[in-house]
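Trainee: Mind having a look at this structure? Questions to follow.
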Amino acid sequence: MTESEQQAILGIALLAAFADGHKADAEREAIRRMADNLGHDGAAAGLTKLYQDVLLRRLSLADAVTPLREADQRMLAYEMAVCVCDADGRQTPAETAFLQDLRQRLGLDAGTTAAFDKEADALAAVAQTASPASAAPMPAELQSVPVATASADTARDQALDKTILNHALLNGALELLPQSWASMAIIPLQVKMVYAVGKAHGVELDQGHIREFIAAAGVGITSQYIEQFGRKLIGGLLGKAAGRTLGRIGGAATGMAFSFATTYALGQVAKRYYAGGRVMNTAVLQQTFQELLGPAKRLQSQYLPQIEQTARGLDAGKVMALVRGA
């Protein structure tokens, strides 16, 4: 995939992110920071400019689709746009209209996209209605994973460290699955993790409050998906075809399980926040998250074999069950 094709697909994902016109300042800042971070990579030198072009409406959807000539690349661009629009668990009328326009401009008929749309819509619906209090059992291979931070002083903290690590491993595995829609399960599982951390400290919150906490920590919901896709595209992990295989992705995944680090750092921030009586303001939450993200990225290399092993044991049914808590 050429750099212009990469830029085109990321441009479409960014256009999808702003399709509803209601992105909060925190989400816009998270997407900008994501663009800056990816823009430091040689293959993504123009990503910051691409973000500015989208935000200032200098890039139209018609222009964005032009470089995509192969059918598999067009389908991949559509899949990413659907995931971005479904990131918060539902599509607004503006997002639905955007996706219909995109599908037409890409030359994709409803029959071609029907299977993907059905899977993505089903997962989005489950994510929106699932209670954070419900929790499916972790995959068997995660139940015996040792806790990396063994210096915890109490049994509760040790149990929470294991919970956080297991969710990080699972989300890292979801990122490596060949199905684009699987990444949509990451946010609901982060919600369940934060709920578990809060409950361990005597605090029970609903899904809305937890999502607000995640946003306050500087973990943009939409930007997470765009950064995942961006790293995969830039790293060549998506390959030429949309019909990519787990073996190809898993074999080249070193350092690319972005969601492991994000989830792990978020869990540790939540643990400090609830243990400290919820007195951190937004600035402190974001600073703490950024400070923890670096060590979490280094830790993901250590656990890459477990991440890949977990990915190989997941399928659509298991992903749905984990989100639903069934």
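Throughout, read-outs are computed from the coordinates displayed, never taken from laboratory work. On a predicted model such as this, the values are computed, not experimentally measured, just so you know. All Cβ positions, even for glycine, are placed from backbone atoms using ideal geometry, and neighbour counts span all protein chains on display.
Trainee: Among 213-219, 6-12, 121-127, how do they line up by average Cβ neighbours within 10 Å per residue, starting with the highest?
Mentor: My ranking of the peptides, most packed first, is 6-12, 213-219, 121-127.
Trainee: Highest first, please rank the peptides 79-85, 314-320 by the mean number of other Cβ atoms sitting within 10 Å of their residues.
Mentor: Most protected by this proxy first, the peptides run 79-85, 314-320.
Trainee: Right, next: Which value in nm describes the separation of the simple spin-label points at Glu204 and Arg32, placed 7 Å from the Cα toward the beta carbon?
Mentor: Going by the 7 Å Cα→Cβ label model, 4.0 nm.
Trainee: Which value in nm describes the separation of the simple spin-label points at Gln104 and Ala71, placed 7 Å from the Cα toward the beta carbon?
Mentor: Distance between label points: 2.2 nm.
Trainee: Nearest 0.05, what FRET efficiency do Arg156 and Arg312 give at R0 = 41 Å with Cβ-Cβ as r?
Mentor: 0.80
Trainee: Between Thr96 and Gln302, take the C-beta separation as r, use R0 = 56 Å, and let me know the FRET efficiency to the nearest 0.05.
Mentor: About 0.85, to the nearest 0.05.
Trainee: I want to check the label-to-label distance for Lys118 and Arg57. Put each point 7 Å from Cα in the C-beta direction and report it in nm to one decimal.
Mentor: A separation of 3.8 nm, rounded to one decimal place.
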